[in-house]
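Q: Can you keep this structure in mind? I'll have questions shortly.
The values are calculated or read from the model by the stated rules, or taken from the named source; none is laboratory data. All values reported here derive from a predicted model rather than from experimental measurement. Every residue, glycine among them, receives a Cβ derived from its backbone with ideal geometry; neighbour counts consider all protein chains shown. Keep in mind that these areas ignore ligands, DNA and RNA; they rest on the heavy atoms of the full protein, side chains included. Shrake-Rupley method; radii C 1.70, N 1.55, O 1.52, S 1.80 Å.
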Amino acid sequence: MSESKLVNTIARERVDNLASQNGEPSWLKELRVSSWEAYLQTPMPTGRDEDWRKTEIESLDLSNLNAIDLSTKKDEKAKLPEWFETALTFFDNHSGVVAEVGQASVPAKLPAELAAKGVIFCTLKEALRDHAELIRPYLSQIESDQKFVLMNKALFNGGTFLYVPPNVEIEGPFVSLTHFTSSNGSPNGVAIFPRLIAVLGSHSKASLVNILSSEPGKENKTTLRSLANVLVEVHVAPGAKCEYLEVQRFDSNVFAVTRTHNQVEQDASVKSLTVALGGSQLKGDIATVLNAKGAESDLQGIVLGDTDEHYSFNTIQKHNAPDTSSNINFRVALKGNAQSIYQGVIEVAKIAQKTAAFQSNKNLLLGNEARADSIPKLEILADDVKCSHGATVGPVDREQVFYLMSRGLSAPAAEELIVTGFFRQILEACTIGRAKDWVYDVLAEKIHGV
Amino acid sequence: MTAKQPILSVQNLHAKVEDKEILKGVNLEIFPGEVHAIMGRNGSGKSTLSYTLMGHPRYVVTEGKILFKGIDITEMTPDERARTGLALAFQYPVAIPGVSVSNFVRASVNAVRGKDVPIKEFRAELKEQMKKLGVANEFLGRYINDGFSGGEKKRLEILQLALLKPALAVLDETDSGLDIDALKTVSEGINNLSNPETAILLITHYQRILNYVEPQFVHVFQDGRIVKSGGGDLSKELEARGYDWVSQELTPSGVS
Ligand SMILES: Nc1ncnc2c1ncn2[C@@H]1O[C@H](COP(=O)(O)OP(=O)(O)O)[C@@H](O)[C@H]1O
Ligand SMILES: [Mg+2]
């Protein structure tokens, strides 16, 4: 099969080609096509849409992007980025690694005892080939009318699948890497559509680390903007417990649109931490739907921006049932002239009595030109709820800096300590192995601008 | 007479905060081995003096200068002053959530000593000082001054100074808010800071602590300057007669 004949642009032909190229069953092709049609019906968001008002969506030229196929070849020896090898030393108790690096995928090494219990952890492509009937209902369960989600659902061609059978509890995290490159290294005018689906059976327990990154661009080389359109769906069945860590480290030519959807059933819980460390424009949606009594979610977020990066996060805490609780704690620190907007929605349905929903967003402005906005939105229809939200935006406390400097620390060292401390209050809650130690390291790298 | 050079020499120091002049010509010399006390009412400008000595950017020196070990430090940043051997124990130490005491204290000791103290050596030193000051181990994991009681904050200040071994320790109202047991422990900690090469400047508005840390020199601070200086006995006289006595002595009746 000659790849050059493939239509790689974001177009209907691409949808058809993907289906035939991958030998997909007809139901899957139909799913893709119906998503594509809905995609066409949906207007492109503009800067005038509330959710997109700080994202420079106009700077993204979809007609000039070539979609690339993730995991077209299995490669035992595909070169993993050096920093990822380092990261893995922090996850030394992991339960399996799936890595897609450019077009190569490093096959998952799932310990035999987990496979024997019925655990599945593999690329999405393998899952569609080997576990089609198992994954099928999850491909269409979570609906969306968002343009970029529909685009992903029509064009996804990479990503990861995790399945943990009921009553299976797993200690070490599953680790997924999607590292975005093109033929000459850094992504250049290309698009990827990874989709990660995690299914935790009832009363199971597992943790998942999802790392999204791109190859850094070479200096003095004009690179075309590239698109990472990422869809993550986490299904947490009754009584199950899921801990999720996502780290986004895109380079400055990447426009990233990510959507994470946590579906939490009765007495189940999800605890997640999203760490955003780069990309030129980063638009992230994190939705948590508490679908039945006793469902809980605890979402933490860290954004460390620099230069002229734009971050826009929208979180939704959706309470569909009584006795549910949700908490969001989002912290943003901005250097240079980075910008951020955080919009947090709390939605409580009329039947969702006795729910608790909390939201906090704190923004630390380090650069003189940095800017942050915070917009809470409450849509509460039930009357017996506990609900609070709070936001702060401001520079580093000068008294804190003076205190640290008066004990010998230089101004940059003092600032670094304060920023790390600002994030520590969130990171300490992450209980996935030594994940937090790795995150401290990557935060320090970004603070030092390396 | 010794030919020693003063550790601190403050010369006609004027400083303003937000365009309001607070320090109005402070003169003060402190030699190695000495303990000085500055006493004065609330609002007289004592903390402003301590902040200005340490180089807080909000306090702007408009006239005069500060010599420390013979070096003009008036233009130095606070961290440069700290590395030169000056330290301040704050009246109101600020909380820094997320920054643990152990992390910070180690970074601070390394910065001031200008080298990485081996971790084992550092721990031993830290444990010893903590024991002396009755500071519990769990302190190290807590965030700086976050949720600390008044007494805990003051102990942490003295603990840090004990590790930094400054040539001059300025202690701003370290005694306030301490019960009698804490006052004794903290005073002992202060006394341990002093040796023939170092000096102490104790700022207070109560005489109480001076029963435990005995100064050779006492200065009365009023309206942004030192208005009277004397020996250790002056503090007892102030305690007995109040600050009004100094003011009356200085202000002839009818003139204010
Ligand atoms: N940041 C500031 N802004 C405005 N005025 C200040 C500030 N800091 C101190 N002052 C004023 O300076 C004077 C002296 O205050 P301070 O140095 O704290 O006195 P003390 O320590 O002797 O109680 C007071 O009148 C106080 O209101
Ligand atoms: Mg004071």
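Q: May I ask you to list the residues in the stretch B:15-45 that are without any contact (Cβ under 8 Å) to a residue 60 or more places away in the chain and either within 16 Å of ligand 1 (Cβ to nearest atom) or in contact with an Asp or Glu (Cβ under 9 Å, 6 or more places away or on another chain) (or both)? Show your work before the answer.
A: Just the residues of the stretch B:15-45 that are without any contact (Cβ under 8 Å) to a residue 60 or more places away in the chain, to begin with: B:15-20, B:29, B:43.
B:15, B:16, B:17, B:18, B:19, B:20, B:43 - these are the residues of the stretch B:15-45 that are without any contact (Cβ under 8 Å) to a residue 60 or more places away in the chain and either within 16 Å of ligand 1 (Cβ to nearest atom) or in contact with an Asp or Glu (Cβ under 9 Å, 6 or more places away or on another chain) (or both).
Q: For residue A:408, all conditions in the list (1) away from every other protein chain (no Cβ under 14 Å); (2) touching an Asp or Glu at 6+ places or on another chain (Cβ under 7 Å) hold save one; what is the number of the exception?
A: The number of the failed condition is (1).
Q: For the stretch A:411-430, does any single residue satisfy the condition of being over 25 Å from residue A:277 (Cα atoms) and among the basic types (Lys, Arg)?
A: Checked against the condition, which is being over 25 Å from residue A:277 (Cα atoms) and among the basic types (Lys, Arg), the stretch A:411-430 yields no hits at all.
Q: Could you give every pair whose Cβ atoms fall below 6 Å, whose first residue belongs to the stretch B:133-155 and is free of Cβ contacts under 8 Å to residues at least 40 places away in the same chain, and whose second residue is not basic (Lys, Arg), counting only separations of at least 6 or pairs across chains?
A: Every condition considered, the pairs that remain are B:135/B:159; B:139/B:101; B:150/B:177; B:151/B:178; B:151/B:182; B:155/B:133; B:155/B:135.
Q: Of all residues in the stretch A:31-84, which are of a type in the set (Ser, Thr, Tyr) and within 24 Å of the chain's Cα centre (by Cα)?
A: Within the stretch A:31-84, A:35, A:39, A:42, A:46, A:55, A:59, A:71, A:72 meet the criteria.
Q: Just to be sure, is residue B:100 of a type in the set (Ser, Thr, Tyr), away from chain A (no Cβ under 14 Å) and closer than 30 Å to residue A:426 by Cβ?
A: no
Q: Shifting gears a bit: Is there a residue being in contact with a Ser or Thr (Cβ under 6 Å, 6 or more places away or on another chain), within 29 Å of residue A:437 (Cβ to Cβ) and crowded, with 21+ Cβ neighbours inside 10 Å anywhere in the stretch A:273-280?
A: no
Q: Additional query: Do we have any residue at all in the stretch A:417-430 that's away from chain B (no Cβ under 11 Å) and in contact with a strand residue (DSSP E or B) (Cβ under 9 Å, 6 or more places away or on another chain)?
A: The answer is yes, given that some residue of the stretch A:417-430 is away from chain B (no Cβ under 11 Å) and in contact with a strand residue (DSSP E or B) (Cβ under 9 Å, 6 or more places away or on another chain).
Q: When you scan the stretch A:59-76, do you find a residue that is assigned to a helix (DSSP H, G or I) and modelled with pLDDT of 90 or more, even just one?
A: The answer is no, given that none of the residues of the stretch A:59-76 is assigned to a helix (DSSP H, G or I) and modelled with pLDDT of 90 or more.
Q: Residues that are more than 16 Å from ligand 2 (Cβ to nearest atom) and away from chain A (no Cβ under 14 Å): which strands (runs of 3 or more DSSP E) entirely in the stretch B:144-238 hold 1 or more of them? It would help to see each step written out before you state the result.
A: On the way: elements: B:168-172, B:199-204, B:217-222, B:225-230.
Correct list: B:199-204, B:217-222, B:225-230.
Q: For residues that are in a strand (DSSP E or B) and within 14 Å of chain A (Cβ to nearest Cβ), scanning just the stretch B:69-88, find the one that is farthest from residue B:156 (Cα to Cα).
A: The qualifying residue farthest from residue B:156 (Cα to Cα) is B:86.
Q: Here's another thing I want to ask about it. If we scan the stretch B:100-113, do we find a residue that is assigned to a loop (DSSP other than H, G, I, E, B) and either among the small types (Gly, Ala, Ser) or under 11 Å from residue B:163 (Cβ atoms) (or both)?
A: Checked against the condition, which is being assigned to a loop (DSSP other than H, G, I, E, B) and either among the small types (Gly, Ala, Ser) or under 11 Å from residue B:163 (Cβ atoms) (or both), the stretch B:100-113 yields no hits at all.
Q: In this structure, does residue A:353 turn out to be more than 24 Å from residue A:50 (Cβ to Cβ) and within 14 Å of chain B (Cβ to nearest Cβ)?
A: no
Q: Sticking with this one: Can we say residue B:45 is within 15 Å of the chain's Cα centre (by Cα), modelled with pLDDT under 95 and away from chain A (no Cβ under 11 Å)?
A: No: the conditions fail for residue B:45.
Q: Here's a follow-up. Looking at the stretch A:370-427 only, could you name the residues that are crowded, with 16+ Cβ neighbours inside 10 Å, under 19 Å from residue A:311 (Cβ atoms) and hydrophobic (A, V, I, L, M, F, W, C)?
A: Answer for the stretch A:370-427, where residues must be crowded, with 16+ Cβ neighbours inside 10 Å, under 19 Å from residue A:311 (Cβ atoms) and hydrophobic (A, V, I, L, M, F, W, C): A:370, A:372, A:391, A:393, A:396, A:419, A:422, A:423, A:426, A:427.
Q: Can you tell me which residue in the stretch A:99-121 is surrounded by the most Cβ atoms within 10 Å (Cβ to Cβ), limited to those that are at pLDDT 95 or above and assigned to a strand (DSSP E or B)?
A: Here the answer is A:121.
Q: Has the stretch B:166-176 got at least one residue that is open to solvent by 20 Å² or more (accessible area, probe 1.4 Å) and more than 16 Å from ligand 1 (Cβ to nearest atom)?
A: no
Q: Which ones in the stretch B:36-82 are away from ligand 2 (no atom under 12 Å from the Cβ), open to solvent by 20 Å² or more (accessible area, probe 1.4 Å) and closer than 14 Å to residue A:403 by Cα?
A: Hits for the stretch B:36-82 are B:57, B:58, B:77, B:80.
Q: Further, regarding this structure: Considering only residues that are open to solvent by less than 50 Å² (accessible area, probe 1.4 Å) and more than 23 Å from residue B:213 (Cβ to Cβ), look in the stretch B:21-35 and name the one that is nearest to ligand 2 (Cβ to nearest atom).
A: Taking the candidates together, the pick is B:22.
Q: Looking at the structure I just gave you, is residue A:443 in a strand (DSSP E or B), modelled with pLDDT of 95 or more, within 23 Å of the chain's Cα centre (by Cα) and within 13 Å of chain B (Cβ to nearest Cβ)?
A: For residue A:443, the condition - in a strand (DSSP E or B), modelled with pLDDT of 95 or more, within 23 Å of the chain's Cα centre (by Cα) and within 13 Å of chain B (Cβ to nearest Cβ) - is not met.
Q: Restricting the search to the stretch B:83-109, which residues are within 16 Å of ligand 2 (Cβ to nearest atom) and surrounded by fewer than 22 Cβ atoms within 10 Å (Cβ to Cβ)? Can you show your working first?
A: Applying the first criterion (within 16 Å of ligand 2 (Cβ to nearest atom)) to the stretch B:83-109 yields B:88-94.
Matches in the stretch B:83-109: B:91, B:92, B:93, B:94.
Q: Same structure again: Exactly one of these conditions fails for residue B:197: (1) in contact with a Pro (Cβ under 7 Å, 6 or more places away or on another chain); (2) open to solvent by less than 50 Å² (accessible area, probe 1.4 Å). Give me its number.
A: (2)
Q: Tell me which strands (runs of 3 or more DSSP E) are completely within the stretch A:156-195 and hold 1 or more residues being touching a residue at least 40 places away in the same chain (Cβ under 8 Å) and touching an Asp or Glu at 6+ places or on another chain (Cβ under 6 Å), or say none if there are none.
A: Per the criteria, A:174-180.
Q: Of the residues A:358, A:422, A:402, which is in a helix (DSSP H, G or I) and closer than 30 Å to residue A:319 by Cβ?
A: Step by step, each of A:358, A:422, A:402 is checked, and only A:422 is in a helix (DSSP H, G or I) and closer than 30 Å to residue A:319 by Cβ.
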